[in-house]
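The structure appears below as structure tokens.
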Amino acid sequence: MTADLFDPIDDGPPSQQVIADGAVLLRRLALSRAPELLADLQPVLAAAPWRHLVTPGGQRMSVAMTNSGPLGWVSDRRGYRYQATDPLSGAPWPAMPRSFRELAVHAAACAGFDGFEPDANLVNLYAPGARLSLHQDRDEADYGAPIVSVSLGLPAVFLFGGTQRQQPVKRLRLAHGDVVVWGGATRLAFHGVAPLVDGEHPATGRSRINLTFRRAAL
Ligand code: SIN
Ligand code: FE2
């Protein structure tokens, strides 16, 4: 099956769907700003290029990553953590583009989380077949702030479970411009991304890009 760009559910005005307590899917919220977001990503990539991190267990992640903002998420043989510098260059991570920050703050507020102050923006690149296994975002010092996740390019199936690994998992189709926010009761929900189905998107080619925003420091 190839990803269908012209799926009718990608059309229409922004809409909101509650996924679970504290978790909201804001369909198309970022659609009109997607060209600006993708343009603003280019200088971030020039300073901090895509790389495949290694898990503490030694596995190369299929998703390629980079970061913008004061803190960046990294994984290596020593573990998972946030740090202020890019391990590839030793330099601070590139600044978080204003367009990124404004969208993240707006999306959080739309989902009921006023005053979100992201200090970390992990950027994920999915090529066909890339996936993210079920995990919790728990390397942040402040679980009071939500996670804001922006989907660009090829659609993906987002897996959203409960706060225990064995709880049932919902499967949500995320398309270009969709935003998911989770916090409060679901801040520590297990989530992941099913293997990306091959396709071609006018904005990103054969890939999906995900921007996630977090409050990593207190
Ligand atoms: C993540 O869990 O960090 C990324 C989720 C996604 O790519 O939608
Ligand atoms: Fe995550």
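For residue 204, what accessible area in Å² do you get when you roll a 1.4 Å probe over the heavy atoms of the protein chains, rounding to the nearest 10?
30
By per-residue mean of other Cβ atoms within 10 Å, what is the highest-first order of 133-145, 170-182?
170-182, 133-145
What is the sum of charges, Lys and Arg at +1 and Asp and Glu at -1, for the other residues whose Cβ falls under 11 Å from the Cβ of residue 207?
0
Give, as ranges by residue number, the residues of region 144-180 whose backbone N falls under 13 Å from the point 7 Å along Cα→Cβ of residue 218.
Backbone N within reach: 144.
Rounded to a whole number, what % of the accessible area of region 2-214 do carbon and sulfur atoms account for, probe 1.4 Å?
Ligands and nucleic acids excluded, carbon and sulfur reach 55 percent.
So what are the ³J(HN,Hα) numbers for region 134-143, from phi and the Karplus equation (6.51, -1.76, 1.60; θ = phi - 60°), rounded to whole Hz, Gly and Pro as x?
Those phi angles translate into 4, 7, 10, 8, 9, 8, 8, 7, 10, 7 Hz.
For Cα pairs less than 8 Å apart in space and 6+ apart in sequence, what is the mean separation divided by the residue count of region 75-218, i.e. the relative contact order in percent?
After rounding, I find 33 percent.
Given labels modelled 7 Å from the Cα in the Cβ direction, how far is it in nm from residue 45 to residue 95?
For residue 45 paired with residue 95, the spin-label model returns 2.1 nm.
Can you list residues from other chains, or at least 5 along the same chain, whose modelled amide H is less than 5 Å from the amide H of residue 28?
178, 179
Looking at the P(r) of the chain, how many percent of alpha-carbon pairs lie beyond 27 Å?
25
Would you work out the relative contact order for region 40-118, in percent, from Cα pairs under 8 angstrom that are 6 or more residues apart?
24
State in Å² the accessible area per residue of the chain; use a 1.4 Å probe, count heavy atoms of protein chains only, and round to the nearest integer.
Accessible area per residue: 45 Å².
For region 118-213, what Kirkwood radius comes out of the mean inverse Cα-Cα distance, in Å?
The answer is 13.7 Å.
The values are calculated or read from the model by the stated rules, or taken from the named source; none is laboratory data. Treat the numbers as computed from the prediction; the structure is a model and nothing was measured. When we count neighbours, we look across all protein chains shown, and the Cβ atoms used for this are built from the backbone with ideal geometry, even at glycine. For accessibility, only protein heavy atoms count, side chains too; no ligands or nucleic acids. Shrake-Rupley method; radii C 1.70, N 1.55, O 1.52, S 1.80 Å.
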